[in-house]
Amino acid sequence: AQKVTQAQTEISVVEKEDVTLDCVYETRDTTYYLFWYKQPPSGELVFLIRRNSFDEQNEISGRYSWNFQKSTSSFNFTITASQVVDSAVYFCALSGVGSWGKFQFGAGTQVVVTP
Amino acid sequence: ETGVTQSPTHLIKTRGQQVTLRCSSQSGHNTVSWYQQALGQGPQFIFQYYREEENGRGNFPPRFSGLQFPNYSSELNVNALELDDSALYLCASSWDRGTQYFGPGTRLLVL
């Protein structure tokens, strides 16, 4: 069985602060993909990043960066210099080879960025 | 925008009725997945269609059914609606079973 845990329900920051979202996952698959999606109030899930299980290199893309650590089954996501437009619910998701294409989502973390 | 469209955007039904939701996938995508998202929760996988065949199903009863058409668009049908079926229904398209791109969703309210 697959499981994704996002322990933080809500994070509030002031604009320009950094925000780090935690994600811990469980899977028996040796090959899997991890994702982060953003859901603004409009409701549409917006794809942000994808990382496969055999590539632990951490990267930065603009104001987004992620820290994938297989040893601790964590896939954390950071927004640098937050902006009001970053206010949304952020979801971590897992798709394993045993259930390929069946995304398991976490409960989400609400990020509130105030001016 | 992803190019995935869903209709209708909002819908109100009463208990026991039937509903059909529609999804047009992004150009070039052959796989459609459907998710149910209750208020304050993460999306839950309903089922996936790959080249017109059901290709995986989550823990949803048989009254949730679907179709995929030759142009890869899809329908989600729910029979005998219950109050707990009130949710945001999200459709996602992908090439094979890769990254899924989501539509804006259909908000269903069952009274």
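Numerical summary
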quantity: Given charges at beta-carbon only (K, R positive; D, E negative), |dipole| of chain A in Debye; calculated: 320 debye
quantity: Cα-based convex hull, chain A, per residue volume (Å³, whole number); calculated: 93 Å³
quantity: Normalised alpha carbon radius of gyration of region B:29-111 [divisor 2.2 N^0.38 Å]; calculated: 1.04
quantity: Region A:97-115 and region B:51-68: distance between their alpha carbon centers, rounded to Å; calculated: 22 Å
quantity: Magnitude of the charge dipole, region B:7-111, Cβ model with Lys/Arg +1 and Asp/Glu -1, debye to 20; calculated: 160 debye
quantity: Convex hull (Cα only) mean projected area of the protein assembly as shown, reported in nm² to one decimal; calculated: 12.2 nm²
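Every read-out reported here was derived from the displayed coordinates using simple, explicitly stated rules and does not represent laboratory data. Note that the structure is a prediction, hence the values are computed from the model and not measured. Using ideal geometry, Cβ is built from the backbone for each residue, glycine included, and neighbour counts are taken over all protein chains shown.
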